[in-house]
Amino acid sequence: MDARLNLFATPTAGRAVKQLMGMHKVLQDSPLPNATQELVALRVSQINGCAACIDMHTKEADAAGETAVRLHLVAAWREATVFTEPERAALELAEQGTRLADAAGGVGDEVWERAAKHYDEEQLGALVVLIAFMNLANRMNVITRQPAGNYRAGQLH
C-alpha cells in the first residue's frame with residue numbers, strides 16, 4: 001500500500017510535521033514516564049485505527065524494554081493485571097480524551113481525579129498534550145493512508 005500523500009514532501013505539511021516532531025521531542029523529555037507515554041500512544045492509536053502509529057509505538061516500546069505481554073494487553077487494559085494504577089489512570093484518561101464524541105460531557109471528573117492522584121501538574125500537562133498530539137498524528141496518518149510495517153525503532157527520533 002502506498003500513502004496518498006507524503007506529508008514530509010509538501011512545503012506546508014512538511015513544515016507542520018517538523019514542528020510536530022519538535023513537540024514530540026518535548027514530550028519525550030518531560031517527566032511523564034516513557035513507558036506511560038508509549039502505552040498511551042499505543043492505546044490512542046488503537047482506538048483511532050492508525051496502523052502507522054501502532055507500528056511505531058509498539059516498536060519504540062519494545063526497544064525501550066517494554067514486555068510483549070503488556071503491549072499485547074494494552075487494548076484490554078481494564079481486565080489485565082500487568083499495568084500499574086498510574087498507568088491505568090493514564091490509559092483511562094487517554095480513552096476518554098480520544099473518544100470525546102462518544103463520551104457525552106467529555107472527560108469525567110472521576111477520570112481526571114484518578115489521573116491527578118498519580119501525576120503532578122507537569123506530568124498531567126504532558127499527558128494532556130500527548131493525548132491531543134497522538135490524536136492529531138493518528139488523523140493525519142489515517143487520512144493519508146500511511147502504510148505500516150516498515151518502521152524501525154528510533155527512525156523519527
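Every number here is computed from the coordinates shown, using simple stated rules; none is lab data. This is a predicted model, so every value here is computed, not measured. Counting neighbours? That spans all protein chains shown, and the Cβs are built from the backbone with ideal geometry, glycine included.
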Quiz item: What is the spin-label model distance, in nm, from Ala64 to Arg4 if the labels are put 7 Å beyond Cα along the C-beta direction?
Solution: 3.0 nm
Quiz item: Counting pairs of Cα atoms in the chain, how many percent are more than 20 Å apart?
Solution: 49 percent
Exercise. Give, to the nearest whole percent, the P(r) tail of segment 66-111 beyond 16 angstrom, counting all Cα pairs.
Key: 42 percent
Exercise. Determine the sum of side-chain charges near Val40: Lys and Arg each +1, Asp and Glu each -1, restricted to other residues whose C-beta is under 13 angstrom from that of Val40.
Key: -3
Quiz item: Ratio of Rg to Rh for segment 81-143, alpha carbon only, Kirkwood?
Solution: 0.99
